[in-house]
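Colleague: Got a structure here, written out as structure tokens. Questions coming.
The values are calculated or read from the model by the stated rules, or taken from the named source; none is laboratory data. Given the structure is predicted, the values throughout are model-derived calculations rather than measurements. Here the Cβ positions follow ideal geometry from the backbone for every residue, glycine too, while neighbour counts run over all protein chains shown.
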């Protein structure tokens, strides 16, 4: 099974409602693979856990995949991992944390000029911002996402971007009074926009999206007071929702139909629609939709002169409100736990990304970051030098004494380097048996003294305590930034001198040539 096959197979199981099987399959696959293949299995696990409501494991799986893809230089995988981590945070209700992750994806996509990834990130930022009530930011992001999808996205991408933007406009005015001029103006514009989206969703592949667009159009008509039209359209949609198996949408449609009938004064019909809505919504609708249906039912029963029935509906409503309060408290705790987990993993992987796991020294990435920070200071008159060290005949040490001894040699050399390292300096394992000492505020003469002390310390160390007859020496090359102003040129010069030290007989320091 290929990397993306496990993800696709898991998604199919999720679509069929076989969530437990999807979790089991993805978890088993992630436990028996490595590298990028494990990354894709973890992404499948993140999706499955998210569908199962296991948000902490979903987040952890996605972020672990991100670390694996980063290590493998798989930019596409890392991008997808952050999107799924953000999806887990959004599903858990932590929209602000989701936005923080997505903004990293946005920055990277802009830097790479990847319009497809940028559209994905902007759409998700827009959705989360809209839910948080940051309407202007949401509309700005979604408008840009819509334009990008028109250029580089598939038809499904374009439709989803339009749907998200229209939903954001809905949220922008939904809390305003029905008589508010802004709300009425926005809703008048949304009616043809929803119709246009529905028209563009013709065909078997987009039936669900078309039904949702028409349902939103009917709800917007109700918001404008055009209740006869809205009721007729909602009745016409019910068979489509049933045919598509969209039960929550069917329940919401029945409830919205009840709202229209109440507005028209047809309270007996409204009561019947609310009762039918509750049967459907109790199977799997949101608590908020059930509460809206119960509130409407109470109003309809009261208008019909049925106080006992109205009171019964209100009691159910109050019970749901208490449940909502308890659920909100649990979600708040869960969001806090996810934030702690996110911070812990981010800190851990930031450290691992710049740390050599064997020696605990920095790695190439750490050296690059150090040079990026310190080289610009050379233009202001500060000095900077590099010492490049390579252990002599290290392959023979591994061959004769074993790789365990070789690893111990590397660890002890790393400690010898660290002893003389000041706070502003950086000791790095550059690769294999090569190390770098990056020395801030140090001229070539000063770096030469440091290099000679390190060479002597390596040669004089009690290596026989590690293994009898073991002897270790090192060759070193020194270069300073006055000789080469760019990072790669400086490293190349130090490497050239290191090579000269090897040619000259090893166990020495070369500073010129």
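Colleague: Kindly establish whether residue 84 is part of a helix (DSSP H, G or I), farther than 15 Å from residue 165 by Cβ and modelled with pLDDT under 90.
Modeller: It is false that residue 84 is part of a helix (DSSP H, G or I), farther than 15 Å from residue 165 by Cβ and modelled with pLDDT under 90.
Colleague: Continuing with the same structure: Does residue 410 count as within 21 Å of residue 506 (Cα to Cα) and not in a helix (DSSP H, G or I)?
Modeller: no
Colleague: Going residue by residue through the stretch 242-249, is there one that turns out to be assigned to a helix (DSSP H, G or I) and surrounded by 18 or more Cβ atoms within 10 Å (Cβ to Cβ)?
Modeller: The answer is yes, given that some residue of the stretch 242-249 is assigned to a helix (DSSP H, G or I) and surrounded by 18 or more Cβ atoms within 10 Å (Cβ to Cβ).
Colleague: Need the failing condition index for residue 73 against (1) surrounded by 18 or more Cβ atoms within 10 Å (Cβ to Cβ); (2) without any contact (Cβ under 8 Å) to a residue 24 or more places away in the chain, just the number.
Modeller: That leaves (1) as the condition not met.
For every residue, the table says whether it meets (1) under 16 Å from residue 167 (Cα atoms); (2) surrounded by fewer than 17 Cβ atoms within 10 Å (Cβ to Cβ); (3) in contact with a helix residue (DSSP H, G or I) (Cβ under 7 Å, 6 or more places away or on another chain); (4) assigned by TED's automatic domain parsing to the domain that holds residue 261.
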{"position": "180", "(1), (2), (3), (4)": "no, yes, no, no"}
{"position": "183", "(1), (2), (3), (4)": "yes, no, yes, no"}
{"position": "186", "(1), (2), (3), (4)": "yes, no, yes, no"}
{"position": "190", "(1), (2), (3), (4)": "yes, no, yes, no"}
{"position": "196", "(1), (2), (3), (4)": "yes, yes, no, no"}
{"position": "206", "(1), (2), (3), (4)": "no, no, yes, yes"}
{"position": "210", "(1), (2), (3), (4)": "yes, no, yes, yes"}
{"position": "216", "(1), (2), (3), (4)": "yes, no, yes, yes"}
{"position": "219", "(1), (2), (3), (4)": "yes, no, yes, yes"}
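Colleague: Follow-up question, since we're still on this one. Just to check your reading of the model, which residue among 50, 31 is free of Cβ contacts under 8 Å to residues at least 12 places away in the same chain and over 12 Å from the mean Cα position of the chain (by Cα)?
Modeller: 31
Colleague: Tell me, please, whether a residue that is at pLDDT 90 or above, more than 26 Å from residue 122 (Cα to Cα) and surrounded by fewer than 24 Cβ atoms within 10 Å (Cβ to Cβ) can be found in the stretch 14-22.
Modeller: Checked the stretch 14-22: at least one residue is at pLDDT 90 or above, more than 26 Å from residue 122 (Cα to Cα) and surrounded by fewer than 24 Cβ atoms within 10 Å (Cβ to Cβ).
Colleague: Looking at the stretch 417-443 only, could you name the residues that are more than 21 Å from residue 357 (Cα to Cα) and surrounded by 22 or more Cβ atoms within 10 Å (Cβ to Cβ)?
Modeller: 439, 442
Colleague: Among 275, 294, which is out of contact with any strand residue (DSSP E or B) (no Cβ under 6 Å at 6 or more places or on another chain), more than 25 Å from residue 214 (Cβ to Cβ) and part of a helix (DSSP H, G or I)?
Modeller: Being out of contact with any strand residue (DSSP E or B) (no Cβ under 6 Å at 6 or more places or on another chain), more than 25 Å from residue 214 (Cβ to Cβ) and part of a helix (DSSP H, G or I) holds for just one of 275, 294, which is 294.
Colleague: Being on the phi < 0 side of the Ramachandran plot, in the same structural domain as residue 274 (by TED's automatic domain parsing) and modelled with pLDDT of 95 or more is the requirement here; does residue 259 meet it?
Modeller: So residue 259 passes the test.
Colleague: Within the stretch 223-241, work out how many residues are at pLDDT below 95, within 16 Å of residue 190 (Cα to Cα) and buried (at least 19 other Cβ atoms within 10 Å of the Cβ).
Modeller: Residues flagged as at pLDDT below 95, within 16 Å of residue 190 (Cα to Cα) and buried (at least 19 other Cβ atoms within 10 Å of the Cβ) within the stretch 223-241 amount to 1.
Colleague: Please specify each residue of the stretch 420-446 satisfying the condition of being under 16 Å from residue 375 (Cβ atoms) and in a helix (DSSP H, G or I).
Modeller: The one that is under 16 Å from residue 375 (Cβ atoms) and in a helix (DSSP H, G or I): 444.
Colleague: Let me ask something else about it. Could you identify the single residue in 91, 138 that is over 11 Å from the mean Cα position of the chain (by Cα) and under 28 Å from residue 13 (Cβ atoms)?
Modeller: Criteria check complete, one pass: 91.
Colleague: Can I ask one more? Within the bounds of the stretch 83-92, is there any residue that is buried (at least 21 other Cβ atoms within 10 Å of the Cβ) and under 30 Å from residue 221 (Cβ atoms)?
Modeller: yes
Colleague: Does residue 371 satisfy the criteria of being buried (at least 18 other Cβ atoms within 10 Å of the Cβ), modelled with pLDDT of 90 or more, closer than 30 Å to residue 442 by Cβ and not assigned by TED's automatic domain parsing to the domain that holds residue 63?
Modeller: In short, yes.
Colleague: Among (1) buried (at least 16 other Cβ atoms within 10 Å of the Cβ); (2) in contact (Cβ under 8 Å) with a residue 24 or more places away in the chain; (3) within 18 Å of residue 436 (Cβ to Cβ), which single condition is residue 484 missing?
Modeller: The single condition residue 484 does not satisfy is (2).
Quick grid of which residues meet (1) in a strand (DSSP E or B); (2) buried (at least 21 other Cβ atoms within 10 Å of the Cβ); (3) touching a residue at least 60 places away in the same chain (Cβ under 8 Å):
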| site | (1), (2), (3) |
| --- | --- |
| 448 | no, no, yes |
| 454 | no, yes, yes |
| 459 | no, no, no |
| 489 | no, no, no |
